Amino acid sequence: MERPLTHNIVPGKPPLSLAEYEKSGGYQAARKALTSMSPKEITEMVKASNLRGRGGAGFPTAQKWSFVPMGADAPQPKYLVVNADEMEPGAFKDRLLLEGDPHQLIEGVMISAFAIESEIAYIFLRKTYTLAARRILTAIAEAYEKGYLGKNIFGSGVNLSLHLHESAGRYICGEETALLNALEGKRAVPRNKPPFPPVVGLWGKPTVTNNVETICNIPHIIANGAAWFRALSRVPDGGTKIYGVSGKVQRPGAWELPLGTTIREIIEEHAGGMKEGLQLRAVLPGGASTDLLTADHLDVKMDFNSMQAADSRLGTGTMVAIDDRTCIVGLVLNIMRFFAQESCGWCTPCREGLPWAAKLLAAIEEGHGLPEDIERLELLTRLLSPGHTFCALAPGAMEPLQSALKYFEDDFHRHIKERRCPWK
């Protein structure tokens, strides 16, 4: 199976019912895990698979699970939370999985919750994903009716209750501790770390938060083994990846491909290249909070380590292709306005720095910029870098700006010299 995550998904058709999902082999991995494996064995298999989180940070999944206190003396209850907030501009991979195969997610939740000895799980869903919400609720109801959720699942003595939480939604809810605050009904702002959520999380209890795509990989690892999962990839980190492309390409969309597929293959073969008359000038490889790369980076592999070596990040893996008729200054201004609006306001550098950056970019774009504004923008990229803010929102917002100044500084100077946007 080359496309384990999406082999059940047919565009334009509703997702499989529970009975249809079972006919395709569904819930066999959960049955195997809950009836014949221990939590430690599951975690060890996931560790051997080299699965890294698909939410953006790329943290090893099994390592995160290993931080949870285990055994009879561990605090109870424990919680598993699925991060389905997906507010990153350019990202839509989790939506594909949520709408296209909700039973796959439920099966992944069952196994993952058992691996950390949790009996309560939540799916934290972006409020605007209304179709996903309806399909998830239908699938949860089917699972409860069949006895795959609730008490004594498969006669194993394992219990699990699963709840859908439709969030009011803000970008900051993608940060796991802000998500937990929102789930508790509080203001969505980040928490101090340490303590870390696997030890002190939701309502002060051990909590693991994993991304939708991460959880959906779990049943396939249990069913087919760690070596099989590693072999799906072109790099040491295991598995496939759902890559997406938006922008002025021939065929915008999402495709499940081996982890480590190059930018060139994704854009030219799967997205069909740029629209007629346009040339690729840059790409945001993993959404709006990743460093821009240029057409010179087309042969870079889309995996965690290769992206880092290229001075960017894999992020969500859903890239935005930028053509040669799009103003880079205007693009970064649009991104900065989004992040300034989405700042939770919890820390001063983010609350004040992002609007300042947006104001400077607007002046440059509108023909009122000054030469020293470029130095001010460069200063902001340093002041809002990692370690200077409470969470990663502002540092992420700085990534497209700092890379635009690195690769396209002449565009900024031209705006200032000509006192207008040359692309308008």
Item checked: segment 314-334 residues near the modelled Glu276 label - backbone nitrogen below 11 Å, point 7 Å along Cα→Cβ -> none
Margin query: Going by amide H atoms built from the backbone, whose H comes under 5 Å of the H on Leu164, apart from near neighbours?
Written below: Ile123
Item checked: Cα-based radius of gyration of the chain once divided by 2.2 N^0.38 Å, which approximates compact folds -> 1.00
Next item on the list: Arrange Lys193, Lys241 by Cβ neighbour counts within 10 Å, fewest through most, would you?
Entry: Lys193, Lys241
Margin query: Take Lys359 and Ser24, extend 7 Å from each Cα along the Cα→Cβ direction, and tell me the distance between the two endpoints in nm.
Written below: 5.2 nm
Next item on the list: Quickly work out the Lys424-to-Leu131 label distance, labels modelled 7 Å from Cα along the C-beta direction, and quote it in nm with one decimal.
Entry: 3.5 nm
Item checked: Two-decimal Rg/Rh across segment 309-358, once Rg and the Kirkwood Rh are taken from alpha-carbon atoms -> 1.05
Next item on the list: Translational diffusion coefficient, Stokes-Einstein: compute it for segment 187-259 using the Kirkwood radius over C-alpha pairs as Rh, at 25 °C and 0.890 mPa s, and state it as an integer in µm² s⁻¹.
Entry: 160 µm²/s
Note to self: Give me the dipole magnitude in Debye, nearest 20, for segment 240-323 about the Cα centre, with unit charges on the beta carbon: positive for Lys and Arg, negative for Asp and Glu.
What the structure shows: 200 debye
Next item on the list: At most 14 other Cβ atoms within 10 Å and a DSSP loop assignment: could you name the GluC sites (Glu not before Pro) in segment 249-324 that fit?
Entry: Glu276
Note to self: Let's test this: bin the Cα-Cα distances of segment 18-231 at 10 Å from zero up to the farthest pair and state each bin's percent.
What the structure shows: 9, 37, 40, 14, 1
Note to self: For the pairs Lys127/Lys241; Lys301/Lys406; Lys23/Lys241; Lys47/Lys78; Lys127/Lys151, flag any whose C-alpha to C-alpha distance is greater than 23 Å.
What the structure shows: Lys127/Lys241; Lys23/Lys241; Lys127/Lys151
Notebook entry, point to check: Sequence-distant or interchain residues sharing an amide H contact under 5 Å with Gly253, placed H: which?
Noted result: Val245
Checklist line | Under the Karplus curve 6.51 cos²θ - 1.76 cosθ + 1.60, θ = phi - 60°, whole-Hz ³J(HN,Hα) for segment 145-152, x wherever Gly or Pro sits | finding: 4, 7, x, 8, 10, x, 9, 6
Checklist line | Space enclosed by the convex hull of the alpha-carbon atoms of segment 1-129, per residue, Å³ | finding: 136 Å³
Check: With Rg and the Kirkwood Rh both taken from Cα atoms, where does Rg over Rh land for segment 240-323?
Finding: 0.92
Notebook entry, point to check: Distances over 17 Å make up what percent of all Cα-Cα pairs in segment 328-418?
Noted result: 40 percent
Next item on the list: Could you order peptides 388-395, 101-108 by the average number of other Cβ atoms within 10 Å of their residues, highest first?
Entry: 101-108, 388-395
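None of the figures in this text is laboratory data; all of them are computed from the coordinates on show. Quantities reported herein were computed from a predicted structural model and do not represent experimental measurements. For neighbour counting, all protein chains shown are included, and Cβ atoms are generated from backbone atoms with ideal geometry for every residue, glycine included.
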